1. Rounding to the nearest 10 and keeping the result within 0 to 90°, find how far the Cα-based axis of helix 87-98 lies from the longest principal axis of the chain.
2. Considering amide H positions built from the backbone, and no H for Pro or chain starts, which residues 5 or more places from Ala105, or on another chain, come under 5 Å of its amide H?
3. D for the range 23-81, whole µm²/s, Stokes-Einstein with Kirkwood Rh over alpha-carbon pairs at 4 °C and 1.567 mPa s: what number?
4. Based on the Cα atoms of the chain, what semi-axes does the equivalent ellipsoid have, where each is the square root of 5 times one gyration tensor eigenvalue, given in whole Å with the largest first?
5. Let me have the 222 nm mean residue ellipticity of the chain computed from DSSP H runs of 4+ only, each contributing -39500 (n - 2.57), with the sum over all residues rounded to the nearest 500.
6. Near Ser58, within a Cβ-to-Cβ distance under 14 Å, what is the net charge of the other residues, with Lys and Arg +1 and Asp and Glu -1?
7. Would you mind telling me the share, in percent, of accessible area of the range 34-93 contributed by carbon and sulfur at probe 1.4 angstrom?
8. Roughly how much of Ser112 is accessible, in Å² to the nearest 10, using a 1.4 Å probe?
Amino acid sequence: MNKRINISSQAKWEDIVGYSRAIRIGNIIEVAGTTAVDENGQVVGPGDPAEQTRFILSKIEKALTAAGASLKDVVRTRMFVTNISDWEAIGRVHGLYFKDIKPAATMVEVKSLISPELSVKIEVSAIIID
């Protein structure tokens, strides 16, 4: 039987909005859209999409670890960016984390994120293969 495990980051928004940082059911892990907001609610790297991407992927890696997975288990990434012209800076950081893993990846431009200082939001799907 596959039980559901909710992984929390303890962000105040999780209870307000009703979501978890990540969910694991069996060998599948879904990590929610993640932004460059630290544990104090401050935006990391305003105006620097590469720095935001580094911070986000680090947060995602922690969520995966809490779920019993790692970046090597990621099969898909979805990147939402507020300026598609930043694709190369964001993509280069993505490549540093995933160059040997090479998950399926999508990057789309969105009108805005929850704060105007945020440039990037990333979510991932992972599958643990024993």
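The values are calculated or read from the model by the stated rules, or taken from the named source; none is laboratory data. Quantities reported herein were computed from a predicted structural model and do not represent experimental measurements. Cβ placement follows ideal geometry from the backbone for every residue including glycine, while neighbour counts extend to all protein chains displayed. What goes into the accessible areas is simple: the full protein's heavy atoms, side chains included, and nothing from ligands, DNA or RNA. Shrake-Rupley method; radii C 1.70, N 1.55, O 1.52, S 1.80 Å.
1. 30 degrees
2. HN-HN under 5 Å from Ala105: Thr77.
3. It comes out at roughly 105 µm²/s.
4. 23, 18, 12
5. -7500 deg cm²/dmol
6. Charge balance near Ser58 sits at 0.
7. Roughly 49 percent, rounded to a whole number.
8. 80 Å²
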